[in-house]
1. Name the residues in region 297-340 that are polar (S, T, N, Q) and part of a strand (DSSP E or B), would you?
2. Does at least one position in region 286-306 carry a residue that is more than 16 Å from the ligand (Cβ to nearest atom), of a type outside the set (S, T, N, Q) and buried (at least 17 other Cβ atoms within 10 Å of the Cβ)?
3. Scanning region 18-38 for residues that are surrounded by fewer than 18 Cβ atoms within 10 Å (Cβ to Cβ) and either aliphatic (A, V, I, L, M) or free of Cβ contacts under 8 Å to residues at least 12 places away in the same chain (or both), which turns out farthest from Glu108 (Cα to Cα)?
4. Please work out which residue is farthest from Asn159 (Cα to Cα), limiting yourself to region 410-440 and to residues that are among the hydroxyl-bearing types (Ser, Thr, Tyr) and surrounded by fewer than 22 Cβ atoms within 10 Å (Cβ to Cβ).
5. Do we have any residue at all in region 247-256 that's under 20 Å from the mean Cα position of the chain (by Cα), part of a helix (DSSP H, G or I) and under 23 Å from Val415 (Cβ atoms)?
6. Determine which single condition Pro455 fails, assuming it passes every other condition in (1) at pLDDT 95 or above; (2) part of a helix (DSSP H, G or I); (3) of a type outside the set (Ser, Thr, Tyr).
7. Any idea which of (1) farther than 23 Å from Trp466 by Cβ; (2) within 16 Å of the ligand (Cβ to nearest atom); (3) part of a helix (DSSP H, G or I) is the one Asn222 doesn't satisfy?
8. Which strands (runs of 3 or more DSSP E) sit wholly inside region 349-443 and have at least 1 residues that are within 19 Å of the chain's Cα centre (by Cα) and basic (Lys, Arg)?
Amino acid sequence: WHDEVLSIVVVGASGDLAKKKTYPSLLKLYEENLLPKELTIYGYARSSKTHEGLRQHLYPHLIKTGTSEHIVNSFLERCFYYSGKTYGDESAYTSMIGDLAKFESTSESTVANRLFYLAVPPNVFGESGMVIKKIGMATTGWTRLVIEKPFGHDLDSCNELLKTLSDDFDEECLYRIDHYLGKEVVQNMILFRFSNPIWEPIWNRKSIESVTITFKENIDTNGRGGYFDKFGIIRDILQNHLLQVLTLFAMEPPENDDADSIRDAKVEVLKNMEIISLDDCLLGQYDGYSDDSTIENKDTNCPTYAALRCWIHTPRWEGVPFILQAGKALDEKLCEVRATFKPAKTLASVQSVSKKIEPSELVLRLQPNPAIELHNNTKIPGLSTSPMKSKMTMSYEDIPDLSNPDAYTRLLLSVMRGDQGSFVRDDELRRSWEIFTPLLHAIDDTGVRPLPYKPTSKGPEERVKWMEKMSKATSPLQ
Ligand code: BG6
């Protein structure tokens, strides 16, 4: 950061995301001395508050992170607050940007960078973007905009949203956050796969029977039912978080390790993915979902659980089912990728032992207890010759003095460094909606009823048979 000064503007500073994620992540970077010494953070929102009011509002959330009071206070001294009538209120922005420019001009540094974090709903990206473009752009350094999902509701609304910002900003300025890309195990996927030569020969249809990517939450919509009911679990989790993880798992080796090579490789997976159909989908809704007072339509058919089967038509993956499943109010919190290997052909004698040989599996567990596990068969020690399942585990919790920063902290650092590799590019986003939109429209238009399931269960009971049927590899010609 030598010779650079940084101004950060958090638009939507009084909201939930800002207090829970944006400011705590900035605090962490500040604590680790990863931000320039010359730093100011301007909060902007519609509610009226003083600078001190914002600091008091943020304090409990910052102190909860475990950072010392001294550092929290020194961070808060750099935080200021401005309010306006709307998110595109030009006169309010003018006074904020005026103060920001004054701060920059008092610095001896020659480069002044500006980061705008839009912690607001996408329907106001346009108005904020317009005024930032008009009066907020940096003159001597970079201007970057961080934006948050939902990036649309379907392909058309995504295209509209993309257009709103692309009229004013180049793709290089835009950082679309999918916070799953900032999780440790996800960040490890490229290195783990491509730096260990043992994986490449088996990372394909010859060895892998199926790949299942699972997201489970043991909490329900938690008072967010009003929001959730407009989106449903497919738009909330599968179309973005799980699809991103899938593309990293399934991609061909990128040509290079730069952001665009990685994203090119991910886009290739998406281009080769079949559009998902309603026949390849199982939907559920937990009992009592519509009791949430924020849900208006008590007869809602919004899915809170979904399992989908996807196909990737490449020589590597032809015929291998990729199952994505996600649900709320289930029995546990879990997110993992599980590659199930085909049965061994060479062990006829072992197959004949009375106990069934389980398939080998590679599990990448994102949360909780992040780990990489290889599930194998080994002989029960002692006089027995029967097999038992064993695990080779790399658990992050066993690594001493491990620092495992929040996904947002990593991603914000990448924004500062100008590394877009862990952010969603426009073509990636567009294609992901192309894959999901026919399914989403079919669900919306046919009013298909999701299957009921009990909160704290594993999901609809029908899922067991469905999984069994769907996770069988098929020949590419079938
Ligand atoms: C968000 C979804 O994107 O991810 C939430 O909107 C979900 O519904 C959350 O709870 C899960 O994130 P994490 O990091 O807690 O797994």
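1. So in region 297-340, the residues polar (S, T, N, Q) come out as 297, 300-301, 304, 314, 325, 340.
Matches in region 297-340: Gln325, Thr340.
2. So far as region 286-306 goes, no, none of its residues is more than 16 Å from the ligand (Cβ to nearest atom), of a type outside the set (S, T, N, Q) and buried (at least 17 other Cβ atoms within 10 Å of the Cβ).
3. Glu32
4. We begin by selecting, within region 410-440, every residue among the hydroxyl-bearing types (Ser, Thr, Tyr); these are 414, 422, 432, 437.
Now drop any that are not surrounded by fewer than 22 Cβ atoms within 10 Å (Cβ to Cβ), which leaves 414, 437.
Details: Ser414: 26, Thr437: 12 Å.
So the residue we want is Ser414.
5. Scanning region 247-256, I find at least one residue that is under 20 Å from the mean Cα position of the chain (by Cα), part of a helix (DSSP H, G or I) and under 23 Å from Val415 (Cβ atoms), so the answer is yes.
6. The failed condition is (2).
7. For Asn222, the failing item is (3).
8. The strands (runs of 3 or more DSSP E) meeting that bar are 361-367.
The values are calculated or read from the model by the stated rules, or taken from the named source; none is laboratory data. Just so we're clear, the structure is a prediction, and the values are computed from it rather than from any experiment. Reconstructed Cβ throughout: ideal geometry from the backbone, glycine too, with neighbour counts over all protein chains shown.
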